[in-house]
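Data first, discussion second: the structure below is written as C-alpha cells.
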Amino acid sequence: MGHGDDTRASSDRPAGPPPERNYRVGEVARLAGVSVRTLRHYDAIGLVRPAVRGDNGYRRYGQAELERLQKVLAYRELGFDLHAIAAVLDEPATGRLDHLRRQRALLDARLRRLEAMRRTLDKTMEAIHMGIRLDPEELLEVFGDDDPTEHASEAEERWGSTDAYRQSGRRTASYGKAEWLEIRRQADAIEARLAEALAAGVPATDARAMDAAEGHRQHIARWYYDCDPTMHAGLADLYEADPRFRAHYEKRAPGLADYIAAAVRANAARR
C-alpha cells in the first residue's frame, strides 16, 4: 500500500479523543470494593447515579461517576453519613482538589485522635505491668503531665533483678487512687520544702536541708522499697546525672536537682 493510501486511511479516522469507557455496575463494585447493593442504594438516593441507564435496566458508570464514588467512600471512611456527604459534594464551586484537601485535613485530625488513643492504651498497659492499678482518667488526675510509665521498660532492664525493684512492684501493686494521691501529695510537699530552702539560701549541709532530704528518703522507704542512707546517697548521683530526673526537679526550681543531691549526700554522711 502506497503513501497516498495511508493518507486516505488517516483522514477517514474520527477526530478528537477516543470515547470514554463506561463501566458496568459489577465492574465498579469490584474496583471500589463495595457491593452491587450499595451502588444501587447510592443510585436510589441520588448520591452516585450511573451515566447511562439502559432500557434493560443495566447501569453504566463513567469517569466522573467513579470520581464521585471515590469521594463518597473517602467521606464515609471519615465518619460522614450519606446526607452530609451529599451536601458536601453538591456544594457549588467545590473542585476535586478542594475535596482532597478537606479529606486530608479530616484524615490528619482522625490520625491524631487515634494516636492519642494508642498512647493512652500503651500507658494503661504499662501502668498495669508496673502494678499501678489506675484507669486513664485516674492516671491523669494523679500524675498530671508526669508519665510514670514513660521509662518503665528501661527501669526494668536496669534494676529488674534487684530486691528494691521487686519490693517496689509488690508494694505498688496494692495501691489504689487514694494511695497514689497521697504519695503525690507527700512528694510535692517534700520537694516544695527543699525548693524553699534553696530559695532562702540555706546551705545543703544545713540541718534544715538535711532534714528535708531525710523526709525524701523516708518517703521512698515508706511507699516503694527499703532505702537506707547509703542507697539514698547513690540515688543522688542519679538525680544529677540523669537528664529526666534533673528536668523534673529543675522544672520546680532552677538548681534544685544539684541542691537535693547535695542535701541527700550530707544527710547520708550525718547518719
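Only residues that are buried (at least 16 other Cβ atoms within 10 Å of the Cβ), closer than 15 Å to Ile220 by Cβ and of a type in the set (D, E, K, R) were counted in segment 185-196, giving 1. Within segment 204-219, residues that are in contact (Cβ under 8 Å) with a residue 12 or more places away in the chain sit with their Cβ atoms under 8 Å from residues that are aromatic (Phe, Trp, Tyr), at 6+ positions apart or across chains, in these pairs: Ala204/Tyr259; Ala209/Tyr259.
Cβ-Cβ distances below 8 Å connect the following pairs, each with a first residue in segment 98-117 that is closer than 12 Å to Glu77 by Cα, a second residue that is at pLDDT 80 or above and not in a helix (DSSP H, G or I), and a separation of six or more residues or different chains: Gln103/Leu78; Leu106/Leu78; Leu107/Leu78; Arg110/Leu78; Arg110/Gly79. In segment 247-257, is there at least one residue being under 29 Å from Ser161 (Cα atoms) and open to solvent by 40 Å² or more (accessible area, probe 1.4 Å)? Yes, that holds for at least one residue.
Of all positions in segment 28-42, at least one carries a residue that is outside any loop (DSSP other than H, G, I, E, B), without any contact (Cβ under 8 Å) to a residue 60 or more places away in the chain and more than 28 Å from Arg110 (Cβ to Cβ). Checked against the criteria, Gly46 does not count as surrounded by fewer than 16 Cβ atoms within 10 Å (Cβ to Cβ), within 36 Å of the chain's Cα centre (by Cα) and part of a loop (DSSP other than H, G, I, E, B). State whether the residues of segment 55-78 include one that is open to solvent by less than 60 Å² (accessible area, probe 1.4 Å), over 25 Å from Arg102 (Cα atoms) and not hydroxyl-bearing (Ser, Thr, Tyr). Yes; the residues of segment 55-78 include at least one that is open to solvent by less than 60 Å² (accessible area, probe 1.4 Å), over 25 Å from Arg102 (Cα atoms) and not hydroxyl-bearing (Ser, Thr, Tyr).
Checked against (1) of a type in the set (Asp, Glu); (2) more than 22 Å from the chain's Cα centre (by Cα); (3) at pLDDT 70 or above, Glu157 passes all but condition (3).
Mind checking which residues of segment 213-233 are at pLDDT below 90 and either out of contact with any Ser or Thr (no Cβ under 6 Å at 6 or more places or on another chain) or on the phi > 0 side of the Ramachandran plot (or both)? Answer for segment 213-233, where residues must be at pLDDT below 90 and either out of contact with any Ser or Thr (no Cβ under 6 Å at 6 or more places or on another chain) or on the phi > 0 side of the Ramachandran plot (or both): just Trp223. Would you confirm, using the coordinates I've provided, whether Ala199 is open to solvent by 60 Å² or more (accessible area, probe 1.4 Å), of a type in the set (Gly, Ala, Ser) and over 31 Å from the mean Cα position of the chain (by Cα)? It is true that Ala199 is open to solvent by 60 Å² or more (accessible area, probe 1.4 Å), of a type in the set (Gly, Ala, Ser) and over 31 Å from the mean Cα position of the chain (by Cα). For segment 219-238, residues that are among the aliphatic types (A, V, I, L, M) and touching a Lys or Arg at 6+ places or on another chain (Cβ under 7 Å) total 2.
The values are calculated or read from the model by the stated rules, or taken from the named source; none is laboratory data. As the structure is a computational prediction, the values presented were derived from the model and not from experiment. Reconstructed Cβ throughout: ideal geometry from the backbone, glycine too, with neighbour counts over all protein chains shown. Quick note on the areas: whole protein, heavy atoms, side chains included, nothing else; ligands and nucleic acids left out. Shrake-Rupley method; radii C 1.70, N 1.55, O 1.52, S 1.80 Å.
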